[in-house]
Amino acid sequence: MFVLIKPLSFLERTVAEPMLRANTFALTALLALLTTIGPLSVDMYLPSLPAIGRELAATPAQVQLTLSIYVVGFATGQIAYGPLSDRHGRRPVLLAALALFGVATLACAFAPSIETLVIARFLEGLGGSGSVALALAIVRDLYAGPRAARELSLMAAIMGLAPMVAPLIGSGLQIGFGWRANFVVLLAIGFVAAAVVWRRLPETLTVPALEPVSILSVMRTYRTFLHNRAFLAHLGIVTFGFMGLFAWISGASFVLQDVYGLSTFEFGLAFAVGSTGYMIGTILAAGIVTDLGLDRTIGLGAVALAAGGLAMVAAVILNLGPAMSLVLPAALYLIGFGLAKPQALAGAMSPFPGHAGAASSVIGFVQQSSAAVIGAVVGHTLGETAWPLASAIAVMGCLSLVTWMISRGTRTREEDRITLQVKAGPFTH
């Protein structure tokens, strides 16, 4: 149940600080912070997974469930947030989501058992999903086509610092204070995000949906997306790429520490090295997408996704000993994901300016629920080798490439249509 706050008028919401505006770095930074809440909630406590198992007397599969159940909550929440924000506005729904995230994160910090932690993580994902879904919807409110893709790439470049820095912070917190400190820091980050949204973020939804939110209205809107082949193709590329990423997130901590013998701090460093790939990919994408267009930028990313996955399989087959034999292919995979994901998101959302919130909800739900499945599979098949991890990443990278190849005609026609629409005049709702 979501408690919605009626959007305040401009005069009622006047504050000392000016409202953030489109095409400014300040707004991009805020949106990046909102989308960073998701990866921070996952990556920061990865070095603590073995310690959580020891303290709460839980098996690796039970500990891994705290990852998968977070993603389930993340996926579930996005189904509701998008349509609600299309009707009631981005700002009040976003504040409600951040409030739920804060309460659930506090419960995680004080969880006395693995069962309590699992439940709290589900609620944390339910709240955290709102920040990501609504940040994407805000981008679609303000931008379209390659300009939206560039904004998403800039956000992703800033967000790319999270998986690099988060494991290092998490390992330091684990060594100095224990795993619960991770959630205390997350609570502080959520509070800062909520404060900035409350004080500085204006309402970006200009024309609210007229139809009241109901199960039938939501299903009718979602059916529109499912009939758009370009949307489905972009969705497939994003989903397959993210499933490979989540396989890495789910299995890296156990494989690199238990199989390859890294310490907690060494794992944090190794994971950060791999994560630099995502930031490199997003920076590259921001610089080339306006010249190359969405399709070719996605294509470069898809090739890197497949190459990274296959290189990881080769490292396992050849029985290469150093942990870097897995980390470097993971970095290549993440370069591909950084190139492909923002562009595919922009391509999926561009045809639906009037339902940006609902479109981002569908993307988030499919992406996150699929990731939860592969995370559970990897968690239950982990053993004495890296095979479950490497094979999952390779399969997902190759599926991303195949999806890009067979859908080029459909997607480029839709991209050309949106580009002509934008050039014809101001993009309106």
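The values are calculated or read from the model by the stated rules, or taken from the named source; none is laboratory data. If you're wondering where the values come from, they're calculated on a predicted model, not measured in any experiment. Quick reminder, even Gly has a Cβ in these numbers, built from the backbone with ideal geometry, and neighbours come from all protein chains shown.
Couple of notes before you dig in:
- ILE363 vs. criteria of a type outside the set (Phe, Trp, Tyr), modelled with pLDDT of 85 or more and in contact with a helix residue (DSSP H, G or I) (Cβ under 8 Å, 6 or more places away or on another chain): no
- Residues that are crowded, with 19+ Cβ neighbours inside 10 Å, closer than 27 Å to SER263 by Cβ, out of contact with any Leu (no Cβ under 8 Å at 6 or more places or on another chain) and of a type outside the set (Val, Ile, Thr) occur in region 332-350; there is at least one.
- One residue stands out in region 267-298 among those that are polar (S, T, N, Q) and under 30 Å from ALA51 (Cβ atoms): the one that is surrounded by the most Cβ atoms within 10 Å (Cβ to Cβ), namely SER275.
- If you go through region 103-130 and keep only what is touching a Gly at 6+ places or on another chain (Cβ under 9 Å) and outside any helix (DSSP H, G or I), you end up with nothing.
- Exactly one residue among ALA285, ALA314, ALA330 is closer than 27 Å to TRP404 by Cα and in contact with a Lys or Arg (Cβ under 9 Å, 6 or more places away or on another chain), and that residue is ALA285.
- Scanning region 368-386 turns up at least one residue that is hydrophobic (A, V, I, L, M, F, W, C), under 20 Å from the mean Cα position of the chain (by Cα) and under 27 Å from GLU151 (Cβ atoms).
- Just so you know, in region 145-179 the residues that are buried (at least 21 other Cβ atoms within 10 Å of the Cβ) and outside any helix (DSSP H, G or I) include one that is modelled with the highest pLDDT, and it is TRP179.
- None of ARG140, ARG121, ARG87, ARG91 is in contact (Cβ under 8 Å) with a residue 60 or more places away in the chain and closer than 29 Å to THR276 by Cα except ARG140.
Every residue, every condition in (1) under 20 Å from LEU142 (Cα atoms); (2) at pLDDT 70 or above; (3) surrounded by 12 or more Cβ atoms within 10 Å (Cβ to Cβ), yes or no:
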| position | (1), (2), (3) |
| --- | --- |
| LEU4 | no, no, yes |
| PRO7 | yes, no, yes |
| LEU11 | no, no, no |
| VAL15 | no, no, no |
| PHE25 | yes, yes, no |
| LEU40 | no, yes, yes |
| TYR45 | no, yes, yes |
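- Residues located in region 243-291, provided they are in contact with a helix residue (DSSP H, G or I) (Cβ under 7 Å, 6 or more places away or on another chain) and hydroxyl-bearing (Ser, Thr, Tyr): SER250, SER253, THR264, SER275, THR276, TYR278, THR282, THR290
- Hits in region 73-115 (condition: among the β-branched types (Val, Ile, Thr) and within 18 Å of LEU40 (Cβ to Cβ)): VAL103, THR105
- Filter pass, VAL259 being more than 30 Å from ALA346 (Cβ to Cβ), in contact with a Ser or Thr (Cβ under 7 Å, 6 or more places away or on another chain) and aliphatic (A, V, I, L, M): yes
- First in region 364-390 and touching a residue at least 24 places away in the same chain (Cβ under 8 Å) and crowded, with 18+ Cβ neighbours inside 10 Å, second anywhere and outside any helix (DSSP H, G or I) and not charged (D, E, K, R), Cβ under 6 Å, 6 or more apart: PRO388/LEU382
- Cβ-Cβ contacts under 8 Å between residues 6 or more apart (or on different chains), taken from a first residue in region 97-112 that is more than 13 Å from GLY128 (Cα to Cα) and touching a residue at least 24 places away in the same chain (Cβ under 8 Å) to a second residue that is crowded, with 18+ Cβ neighbours inside 10 Å and acidic (Asp, Glu), are listed as CYS108/GLU124.
- Members of region 24-82 found to be more than 25 Å from LEU269 (Cα to Cα), in a helix (DSSP H, G or I) and β-branched (Val, Ile, Thr), listed by number: THR28, ILE69, VAL72, THR76, ILE79
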